[in-house]
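Visitor: First, the structure itself, so that you have it in front of you.
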């Protein structure tokens, strides 16, 4: 119960006790006793009526005063309650305003943080995109440079190969000329000598086996007539066959009109220490 209600209850109880005490004291006071005795000796109705009216008026005034005080207290209580209610409403409104303001600040802070985060993410995305674009351009430039170098290297190798081929062809032409001269000399010597039987001999088993292994290694062909050359260093020896028609089979003329073929030609670039060369007629070899 609020303190105002306790106060009002105390005032009401005090006023009630005061009224009761006043009536009791009045009835027991000495003037009242004397008046009662006089009234008992004087039986006139008129005086008795006056006293009674006077007493009634006095009690009525007290009751009216009590009611007035009670009304003032009630009005004061209502005013205080209204004041307290208004104060509480004001405080509640102020508190709600403070809470709303805090909420608004929190919302604004969250919004600002979200905007900052979005801006940061946008900046990071832009930086990442710029870095990726830079890497892409660098990669494209690197590919272009490598492609240009590759083409330059291919062109250099092509020119080198052309030069090597030209030099090899020139060397081959010189060698062929030398071989023709040597062959002409040899033919002259042969024609100058009397005819004799040529004698052949069988190679030993190990040499024959080594020759067969090298021919098999290079995928050499076999046929009705097969002529092979084997040596044991990186020098570029050449197998030349002079056909009965006068045509020569060699590295520059690997297939003859009479069916002979140079199918294995090695050490043009000194690639092996166990080289072999092979010329073969499959069928229908000339006498």
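We did not get these values from a lab; they are worked out from the coordinates using the rules stated. Predicted, not measured: the structure shown is a model, and the values here were computed from it. Heads up, the Cβs are rebuilt from the backbone with ideal geometry, glycines too, and the neighbour counts pull from every protein chain shown.
Visitor: Once both labels are modelled 7 Å past Cα along the beta-carbon direction, what's the residue 77-residue 115 spacing in nm?
Guide: Computed distance between label sites residue 77 and residue 115 equals 5.7 nm.
Visitor: Right, something else. Quick check: convex hull over the Cα atoms of the range 80-194, volume per residue in Å³, rounded to an integer?
Guide: Output value, Cα hull per residue: 80 Å³.
Visitor: Between residue 217 and residue 185, what length in nm is gained on full extension when 0.36 nm per residue of separation is reduced by their alpha carbon distance?
Guide: Full extension of this stretch gives 7.9 nm more.
Visitor: What FRET efficiency, computed as 1/(1 + (r/R0)^6) with R0 = 30 Å and r the Cβ-Cβ distance, is obtained for residue 97 and residue 128, rounded to the nearest 0.05?
Guide: Here the calculated transfer efficiency is 0.10.
Visitor: Now for a different question. Could you work out the mean projected area of the convex hull around the alpha carbons of the range 131-287, in square nanometres to one decimal?
Guide: Average of the hull's projected areas for the range 131-287 equals 14.8 nm².
Visitor: How far apart, in nanometres, would the label points at residue 241 and residue 135 be if each is projected 7 angstrom from Cα along the Cα-to-Cβ direction?
Guide: 6.3
Visitor: Spin-label point model (7 Å from Cα, Cβ direction): what's the residue 257 to residue 150 distance in nm?
Guide: The answer from the label model is 4.7 nm.
Visitor: Right, here's the next one. For the range 78-133, state the average projected area of the convex hull of the C-alpha atoms over all orientations, rounded to one decimal in nm².
Guide: 3.0
Visitor: From zero up to wherever the largest Cα-Cα distance of the range 227-268 sits, split into 10 Å bins and tell me the percent of pairs in each.
Guide: Bins of 10 Å from zero give 28, 53, 17, 2 percent of pairs.
Visitor: For the range 205-287, state the semi-axes of the equivalent ellipsoid (square roots of 5 times the eigenvalues of the alpha-carbon gyration tensor), sorted largest first and rounded to whole angstrom.
Guide: Output for the range 205-287: semi-axes of 22, 15, 10 Å.
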